[in-house]
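What follows is calculated from the coordinates using simple rules that are stated; it is not laboratory data. Keep in mind that this is a model prediction, so the values were computed, not measured. Every residue, glycine as well, gets a Cβ built from its backbone with ideal geometry; the counts of neighbours run over all protein chains shown.
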Amino acid sequence: MRSHYCGDLRKEHIGEEITLSGWVHRRRDHGGVIFLDVRDRQGIAQVVFDPDREESFALADSVRNEYVIEIKGLVRNRPEGTTNSDMPTGEIEVLGKELVILNKAETPPFQLDDHQNVSEDVRLRNRFIDLRRPDMQNKLRFRSKVTSEIRRFLDDNGFLDIETPILTRATPEGARDYLVPSRTHEGHFFALPQSPQLFKQLLMVSGFDRYYQVAKCFRDEDLRADRQPEFTQIDIETSFMDEEQIMGMTESMIRKLFSELKGVDLGEFPRMSYEEAMRRFGSDKPDLRIPLELVDVADLLQNIEFKVFAGPAKDPNGRVTALKVPGGASLTRKIIDEYTKYVSIYGAKGLAWIKVNELENGANGLQSPIVKFLGDDIAMQVVERVGAQNGDIIFFGADSAKIVSEALGALRIKVGIDMNLLEKEWAPLWVVDFPMFETNKDGSVSALHHPFTAPSCSPEELEDNPLTALSRAYDMVLNGTELGGGSVRIHDQEMQKTVFRVLGITDEEAEEKFGFLLNALKYGAPPHGGLAFGLDRLIMLMTGTESIREVIAFPKTQSAACLLTDAPGVVGNTQLRELNIKLRKKDEV
């Protein structure tokens, strides 16, 4: 029907007879001349109808916003003084000659202008309307370009696009599975994959030494702005490459992606160990755009009488750290109280602080309710260690190492953004040397990444000292967001069994859950590893969007519901009986 997209028209089309199809974005009547802004996925073109063509003029007068129309007309220059430099098509217009109304439209629930402030619930409930907005169309077009570039890069580097199953079995990967009842196997359930992890490892055993997939994954977990119950991974696995080679290849891919689509040179990605990242920034995905660091001061505070600090300072599992904020002495008490409330989200019981007003006056130049508990000498030693100057503020965290790192690490980001301290636009890095395991509250251990990650030691060393063992894992981080995580995998059956034993998985349980993997590892499994990128997060970062819901066509809400289709929904008794499922009321034991 169409000969051109609206947004593709340029000066080189002047004089051409063209056909456009799309939606009426806006209708304007200027002194007997009717202007229609016609929109399609590529953009907007201005169409002019003169009254000398009575039939088409009358039709143009009758259309309203969001009518679907077809127009035949002549491309011409806009009159002098009427060009619009903000529009790609702003130098031309179309003189409308014929107009066909393909479909009428009711008044939409909200205007489609980008500046309109519409609640997210209304937008998601009417997502098919929301997706017509140019901003949303631009984001999804950009997403398509990203996946095309990634596919092109991986295809050019010898990777094969191979699909893995969606219906599989539950695996312990740190989050809840979505379960699917089987009608033909009474009492049994499939699980939707949290990742294609085991299948891509089996593909390596099968000899497909370079695999990738744009994979749908599912996790039934608590949601945040950058999480969804179903999400998309760029899943990559390769054999006969070590971690340095895998990191080098995937770094090249991301750098090329930013160069081609954003015109940004990310440069070489620095490396940082997990231990250093947690110590300096309180996070395993530090935002290096912000020049603030945590400084440990426990050794200075062990012998003071102030137990709030002395207790954690003496505790082997505790941490006392300071965060210097340049210029922070100007923060009001109200803002400091807001920050105190903010760190409480992460378990912090309070937020101590010292303002440095007149350093030349020693402790008398400090303003704080805690200096009297520290003593003048200790207070000045703390100021000296963090390198504070006049006009700075020092925040303190004192609790378990986990709470302090999370609370002060989060405060570092919030203060840095609030005070506009960002030093650069993009800050990538690799975080490496992760621990193999972490300790749970009940004393048991769990895999920090997943139980198929290879350790950097022998099976005997791993079993003797599991909590000190490091893994061959690596995370790519950009601006404080984990873009992707991966590792070299275990390709030796004995090592895999050792990891299962450390995790408290018995031989019988391992055979029942992972027998197919253990069996495959007996038959010449090659050394292999890989990395999975979160596509939604990547697009969110590249488009400068605050939520991944803005870059997914049909996302769920933070309660994992689809407002458009009203899912999840109730299933009838007949279907439940076929699945041998009986629902239990909440108040039933």
Spatial separation of Cα centroids for the stretch 486-549 and the stretch 296-322, in angstrom:
38 Å
Which option, (i) 193; (ii) 231; (iii) 177, is the value of volume of the Cα convex hull per residue in Å³ that was calculated from these coordinates?
(ii)
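If you take the Cα atoms of the stretch 6-103, find Rg, then find the Kirkwood Rh from the mean of 1/r over all pairs, what is Rg/Rh?
On the way: Rg = 12.1 Å, Rh = 13.1 Å.
Computed over Cα atoms, the ratio is 0.92.
DSSP beta bridges in the chain, what fraction antiparallel, as a percent rounded to 5?
Percent antiparallel among DSSP bridges in the chain is about 95.
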Per residue of the chain, what 222 nm ellipticity follows from adding -39500 (n - 2.57) for every DSSP H run with n ≥ 4, rounded to the nearest 500?
-9000 deg cm²/dmol
Normalised by the number of residues in the stretch 290-423, what is the relative contact order in percent for Cα pairs under 8 Å and 6+ residues apart?
36 percent
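Expressed as a rounded percentage, what relative contact order does the chain have, with Cα pairs under 8 Å and six or more residues apart? Spell out each step's value before the answer.
Working: 1112 pairs, mean separation 75.9, N = 589.
After rounding, I find 13 percent.
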With axes computed from alpha carbons, what is the tilt in degrees of helix 401-418 against the longest principal axis of the chain, rounded to the nearest 10 within 0 to 90?
40 degrees
Least to most buried among C6, C562, by other C-beta atoms within 10 Å and fewest first, runs C562, C6
May I ask for the distance between the Cα centers of the stretch 40-67 and the stretch 226-280, given as a whole number of Å?
48 Å
Amide H neighbours of L483 under 5 Å, counting only residues 5+ apart in sequence or on other chains, H built in-plane at 1.01 Å?
M476, V477, L478
Cα long-axis angle, helix 493-502 against the chain (0 to 90 degrees, to the nearest 10)
70 degrees
Using the beta-carbon distance between E55 and L564 and R0 = 41 Å, what value does 1/(1 + (r/R0)^6) give for FRET efficiency, to the nearest 0.05?
0.60
Per-residue HN-Hα couplings for the stretch 202-209, Karplus 6.51 cos²θ - 1.76 cosθ + 1.60 at θ = phi - 60°, whole Hz, x for Gly and Pro?
5, 5, 5, 4, 7, x, 7, 6
For the stretch 385-395, Karplus-derived ³J(HN,Hα) couplings (6.51, -1.76, 1.60; θ = phi - 60°; whole Hz; x for glycine and proline) come out as 5, 7, x, 6, 10, 3, x, 8, 10, 10, 9
Inter-part gap, Cα centre of the stretch 90-133 to Cα centre of the stretch 438-470, in whole angstrom, is 55 Å
5 Å is the cut-off here: which amide hydrogens, built 1.01 Å from N in the peptide plane, fall below it relative to Q42, excluding neighbours closer than 5 in sequence?
C6, G7
Neighbours of G484 by Cβ distance under 9 Å: Lys/Arg at +1, Asp/Glu at -1, summed charge -1
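Quick one: pull the percentage of alpha-carbon pairs in the stretch 290-423 with a separation above 24 Å. Don't jump to the answer; show the numbers that get you there.
Working: 1914 of 8911 pairs.
That tail contains 21 percent of the Cα-Cα pairs.
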How large is ³J(HN,Hα), in whole Hz, for each residue of the stretch 459-471 in order, when computed from phi with the Karplus curve 6.51 cos²θ - 1.76 cosθ + 1.60 and θ = phi - 60°, using x for Gly and Pro?
x, 5, 5, 5, 6, 6, 9, x, 7, 9, 6, 9, 9
Under 12 Å Cα to Cα from K307, which aspartates and glutamates show up? Leave out anything in the same chain fewer than 8 places away.
D315, D399
For R489, residues with placed amide H under 5 Å, excluding near neighbours
A454, H528, G529, G530
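I need the trypsin sites (Lys or Arg not before Pro) found in the stretch 114-211, filtered to DSSP loop residues with at most 13 other beta carbons within 10 Å of theirs. It would help to have the intermediate numbers written out before the result.
Details: sites: R123, R125, R127, R132, K139, R141, R143, K145, R151, R152, R169, R176, R183, K200, R210; in loops: R132, R169, R176, R183.
Qualifying residues, ordered by number: R183.
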Kindly provide the trypsin sites (Lys or Arg not before Pro) of the stretch 390-480 that DSSP labels as loop, not H, G, I, E or B, and whose Cβ sees at most 13 other Cβ atoms within 10 Å.
K424, K441
Kirkwood Rh, Cα Rg: Rg to Rh for the stretch 85-208?
1.14
